[in-house]
Amino acid sequence: MNAVSTVAQLLASRCESRKHQSPLSPDAVARQLQALPGWSSRGNAIEREFTFPDYRRTIAFVNAVADLAENEDHHPELTVGYGKVRVSYGTHDVGGISMNDFICAAKTDAIYAP
């Protein structure tokens, strides 16, 4: 990956078959993270914590992310608590972080945006 994808480009993209991907280098991950404030890398994944004023909105967000995951065939790890959700995307099939993770991270941010 040479160029960093913008948020608009990520939002317009669809996840690709993992057969055609390889993990991004740590440098490429760091560069791409600049386009997604609030996200950070941790091991073989990128993650962000989202906060909510109550549990009902927390679960509504979880359900919306679940719909996204099914539509993109790319499923995050979710840690749910009262008023917060940690979302972690990693591409297990490639053993690291792929562009699919960034595509879904951008779409997750769009779900969260008011």
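The values are calculated or read from the model by the stated rules, or taken from the named source; none is laboratory data. What you see is a predicted model; the values in this text were computed from it and never measured. All Cβ positions, even for glycine, are placed from backbone atoms using ideal geometry, and neighbour counts span all protein chains on display.
Assorted remarks:
- Of the residues making up the range 38-54, those that are loosely packed, with under 13 Cβ neighbours inside 10 Å and over 12 Å from the mean Cα position of the chain (by Cα) are R42, G43, T51, P53, D54.
- Exclusive hit being outside any helix (DSSP H, G or I), aliphatic (A, V, I, L, M) and modelled with pLDDT of 95 or more, set A35, A60: A35
- With respect to being in contact with a strand residue (DSSP E or B) (Cβ under 6 Å, 6 or more places away or on another chain) and either among the basic types (K, R) or modelled with pLDDT of 95 or more (or both), F102 falls outside the description.
- Test: residue in the range 11-26 that is under 13 Å from the mean Cα position of the chain (by Cα), within 19 Å of I111 (Cβ to Cβ) and outside any loop (DSSP other than H, G, I, E, B): yes
- Subset tally (residues that are closer than 18 Å to H92 by Cα and hydroxyl-bearing (S, T, Y)) for the range 29-78: 2
- Only a single criterion out of (1) in contact with a Pro (Cβ under 7 Å, 6 or more places away or on another chain); (2) at pLDDT 95 or above; (3) farther than 20 Å from A113 by Cα; (4) not hydrophobic (A, V, I, L, M, F, W, C) is not satisfied by S41, namely (1).
- Only one of A69, A30 that is in a helix (DSSP H, G or I), of a type in the set (G, A, S), surrounded by fewer than 17 Cβ atoms within 10 Å (Cβ to Cβ) and free of Cβ contacts under 8 Å to residues at least 40 places away in the same chain: A30
- Matching residues, the range 55-66, being touching a helix residue (DSSP H, G or I) at 6+ places or on another chain (Cβ under 8 Å) and either closer than 23 Å to T6 by Cβ or exposed (fewer than 13 other Cβ atoms within 10 Å of the Cβ) (or both): A64, V65
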